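The values are calculated or read from the model by the stated rules, or taken from the named source; none is laboratory data. Model, not experiment: these values are computed from the prediction. Here the Cβ positions follow ideal geometry from the backbone for every residue, glycine too, while neighbour counts run over all protein chains shown. Heavy atoms of the whole protein, side chains included, go into the accessibility calculation; ligands, DNA and RNA do not. Shrake-Rupley method; radii C 1.70, N 1.55, O 1.52, S 1.80 Å.
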Amino acid sequence: MQAEIVRDWLTYKEAEQLVGLSRTTLWKMISAGEIEHRKVGRAVRINRQSLEAYMKQDSQGLTTG
């Protein structure tokens, strides 16, 4: 039985699958400074904690009525 590896830094594709947002939306969030990212050469990696915190904050900030 193999242990599941949980990465701290995600590719666009992994981030898309994790939160269900498009690459374009993730790119806009990165450009606006809403989520943490790093560029390694041409590759972009998105910080999982930053992305999850943004999604939690956003859902808690919604009001009804």
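Per residue of the chain, what 222 nm ellipticity follows from adding -39500 (n - 2.57) for every DSSP H run with n ≥ 4, rounded to the nearest 500? Display every interim value, and only then the final one.
Details: 3 runs with 30 residues, N = 65.
Calculated at 222 nm, the ellipticity per residue is -13500 deg cm²/dmol.
Compute the accessible area per residue over the chain, keeping the other protein chains in place, probe 1.4 Å, unit Å².
82 Å²
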proj_area_mean for the chain (convex hull on C-alpha atoms), units nm², value 6.1 nm²
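In the chain, what percent of the accessible surface is made up of carbon and sulfur (1.4 Å probe, ligands and nucleic acids excluded)?
Details: 2540 of 5330 Å².
Of all accessible area on the chain, carbon and sulfur atoms account for 48 percent.
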Can you find, among M29, V40, V19, the residue farthest towards the positive end of the dipole of the chain? Put +1 on the C-beta of Lys and Arg, -1 on that of Asp and Glu.
V40
Answer in debye to the nearest 20: the dipole magnitude of the chain about its Cα centre, from +1 Lys/Arg and -1 Asp/Glu charges placed on Cβ, is 320 debye
Calculated FRET value between Q2 and E52, using beta carbons and R₀ = 30 Å, to 0.05:
0.80
Using only alpha carbon pairs under 8 Å that are at least six residues apart, calculate the relative contact order of the chain and give it in whole percent.
32 percent
